[in-house]
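Working notes for the structure below.
Quick note: the coordinates plus some simple rules give every number you see, no bench work behind them. This structure is a prediction, so every number in the text was calculated from the model and none was measured. Neighbour counts run over all protein chains shown; Cβ positions are idealised from the backbone, glycine included.
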Amino acid sequence: MEKHDANGLSYSGRNDLYFIIDGDDYISEWKQKVISLSKGVSLNVIKKTIDGHKDAKYELARARVNRVTGLYGLFLIPKLIRISVKEKASNIREYINWIVDELTPDVLAWWFPEETRQHDYPGIIMSMRRPRKTLENGN
């Protein structure tokens, strides 16, 4: 499916979200991952997060045509079972710090409303990046 931005430039495929920032068009590709943070930031959590970013970046590269600016990201849904609300908060904080330090996202947002903090899936984290020619850690 061919689409056109405000300047008439084409790009292919379906994209998940569209943005206009300061008059410039952006297309974006997003992936969703449920990650178990009950035991903190494990190697499995790290691998799933990095793989999710790689998958979104790959899909974005397939859709971009005529140099339309692209963004890619992850919606991360932490699964936290059989631990206290205090441990949940600590594990989420540890994970967010890992994302900031290791993935260096261009945008990072999260939402954990007070009324859901006792639930097994208490909120969501959004991590977004612009493609770069060379990325640290291969992500």
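Some points to look at:
- Each residue of the stretch 91-107 is assigned a 3J(HN,Hα), and the resulting list reads 5, 5, 4, 4, 5, 4, 4, 4, 4, 4, 6, 9, 9, 6, x, 6, 9 Hz, derived from the Karplus form 6.51 cos²θ - 1.76 cosθ + 1.60 (θ = phi - 60°), x at Gly and Pro.
- Around the Cα centre of the stretch 34-91, unit charges on the Cβ atoms of Lys, Arg, Asp and Glu (plus for the first two, minus for the last two) sum to a dipole of about 40 debye.
- Share antiparallel - DSSP beta bridges, the stretch 2-132, percent rounded to 5: 60 percent
- Förster radius 25 Å - calculated FRET efficiency between residue 114 and residue 79 (Cβ-Cβ, nearest 0.05): 0.85
- Under Stokes-Einstein, with the Kirkwood radius over Cα pairs as Rh, the value for the stretch 2-132 at 25 °C and 0.890 mPa s is 155 µm²/s.
- The H on the amide N of residue 36, modeled in the peptide plane, is under 5 Å from the matching H of 79, each at least 5 residues off or on a different chain.
- Extended-chain gain in nm, criterion 0.36 nm per residue less alpha-carbon gap, residue 98 and residue 51: 15.4 nm
- For residue 51, neighbours were defined as the other residues whose beta-carbon sits under 10 Å from its Cβ, and their charges (Lys and Arg +1, Asp and Glu -1) total +4.
- Other residues lying with their Cβ under 12 Å from the Cβ of residue 77 contribute a combined charge of +3, Lys and Arg counting +1, Asp and Glu -1.
- Net charge over other residues, Cβ less than 15 angstrom from the Cβ of residue 126 (K, R count +1; D, E count -1): +1
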